[in-house]
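Everything on this sheet refers to the single structure shown next.
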Amino acid sequence: MALLAGKSHSALPRLAAFCAIACLIFLRGGNASGAITPGGVWFDNRGQQIQAHGGGILKVGDTFFWFGEDRSQGLDPNKRYVSCYASKDLVHWTFRNQVLKLSDPENFGAGWLIERPKVFYNATTKKYVLYAHIDDGTYKVARVAIAISDTVDGDYRYLKSFRPLGLESRDIGQFIDDDGTAYLIFESRPTRGFLIARLSPDYLDVEKQMSFVPARLEGGALVHYQGLYYVIGSHMSGWSPNPNVYATATSLEGPWTQFKDIAPPAAKTFHSQSSTLLTIPGTKTTAVVFMADQWKPDDLWDSRYLWMPLRIGEGQLVLPEPRPWSIDIQTGETKY
Ligand code: DGJ
């Protein structure tokens, strides 16, 4: 007993040091291992579970800004929220702001929603322009909403909502081509397909259809990699996962190839749904990261993120089985 007591006494400082280090790591956010852990609980610098569902990333200088639906418990049920986090390494995320705190701007009534926010930066107007799917509780309105800000993580001011190109629009995706041109991908149910459309010069409108892709897919995302466009989408099964698919084209105007599975179909995209394809060009290679949501419809706040570097090239795109990984942002190299 005396021995035991003595042992635990001498272990106390070490235990305290261990706890202090663990706390520090925890409060920095991300994972203690410095890895990105698909499907894990991801914390921000405050030790809170990251709320950026259906999100997208905008890189400003050397900082990644991640925007997404804030589904935290205990929020005002009449408002809808978009949160913004910042990181330089994609692992450690600092909460910056609830950039959108919106009270039913179009009087859609109870159950109205904001989903899949994406932020573009317009270098001409020097405005940050947030697009999101806005709808009533029955998903019948089917519009995009626009809000703007002078700073990336400021309080975004709601501007308007509309149907892009006059068409119903639900899930949206964001794409910025190598020449800086900005595009919106939007699912339009009555057309039985989805569209890729160019934004207007001030980004406050959707002005030109590039492609109508006759595939009933949502969660659309695009990447331009080694001269080929790859578009990804999910089938329509509500919050439930399904096998996500991809097609390629040499031009945004198509023609697009047949869609193929990005992973073994039985895995249902490893229980996730596509949101964004993030390109990280490095000095040695360019990584393309599949950003997806693992939805928990009954506890949306606890929905998880599945991010994985894709195996991509020469018209093939494969989502590897999820496991912890890390990236060297300078070189673009990823490792498990
Ligand atoms: C699937 C969409 O991709 C999500 O953003 C969300 O709208 C759910 N459907 C709702 O069922």
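The values are calculated or read from the model by the stated rules, or taken from the named source; none is laboratory data. Predicted model, so just to flag it, every value in this text is computed and none were measured. Ideal geometry is used to build each Cβ from the backbone, glycine not excepted, and the neighbour counts take in all protein chains shown. These accessible areas exclude ligands, DNA and RNA; they are computed on the full protein's heavy atoms, side chains included. Shrake-Rupley method; radii C 1.70, N 1.55, O 1.52, S 1.80 Å.
Annotations
- Estimated inter-spin distance, Lys160 and Ser251, nm [label 7 Å along Cα→Cβ]: 3.1 nm
- Global geometry of the stretch 231-336, whether rounded, prolate or oblate, following the gyration tensor of its Cα atoms and the 1.5 cut on a/c: oblate
- Folded to 0 to 90 degrees: helix 2-28 orientation relative to the chain principal axis, Cα: 20 degrees
- Cα gyration tensor shape for the stretch 239-295, rounded if a/c is under 1.5, else prolate or oblate: oblate
- Dipole of the chain computed with +1 at Lys/Arg Cβ and -1 at Asp/Glu Cβ about the Cα centre; of Ala52, Gly315, Pro281, farthest Cα towards the positive end is Ala52.
- Rounded, prolate or oblate (a/c below 1.5 giving rounded, otherwise prolate when a/b exceeds b/c) for the stretch 120-221 by Cα gyration tensor: oblate
- On a per residue basis, the stretch 216-336 carries 43 Å² of accessible surface, using protein heavy atoms and a 1.4 Å probe.
- Lys/Arg +1, Asp/Glu -1 at C-beta; the chain dipole; positive extreme among Ser251, Thr138, Ile327: Ile327
- Euclidean distance between Cα centres, the stretch 226-266 to the stretch 298-336, Å: 16 Å
- Cα centre as origin, Lys/Arg/Asp/Glu Cβ charges: the stretch 43-335 dipole, Debye: 160 debye
- For the chain, the share of accessible area belonging to carbon and sulfur comes to 54 percent (1.4 Å probe, ligands and nucleic acids excluded).
- Distance (nanometres) between label positions extended 7 Å along Cα→Cβ at Glu106 and Arg192: 2.6 nm
- For a straight C-alpha distance cut-off of 29 angstrom, the lysines reachable from Lys59 (same-chain residues fewer than eight places away being disregarded) are Lys79, Lys88, Lys101, Lys118, Lys126, Lys127, Lys160, Lys208, Lys284, Lys296, Lys335.
- Remark: the Ala267-Thr279 segment gains 1.9 nm on full extension, using 0.36 nm per residue and subtracting the alpha carbon distance.
- Only helices enter the 222 nm calculation for the chain: every DSSP H run of n ≥ 4 contributes -39,500 (n - 2.57), and dividing by all residues gives -3000 deg cm²/dmol, rounded to 500.
- Computed over the stretch 43-335, the convex hull of the alpha-carbon atoms projects to a mean area of 14.0 nm².
- Using the Cβ-Cβ distance between Gln258 and Arg311 with R0 set to 22 Å, the FRET efficiency from 1/(1 + (r/R0)^6) comes to roughly 0.70.
- Among residues other than Ala215 with Cβ under 14 Å from its Cβ, the summed charge is 0 (Lys and Arg +1, Asp and Glu -1).
- Each of Asp62 and Ser240 was given a label point 7 Å from its Cα along the Cα-to-Cβ line. The distance between the two points is 4.7 nm.
- Ranked by how many other beta carbons lie within 10 Å on average, peptides 66-76, 120-130 from highest: 66-76, 120-130
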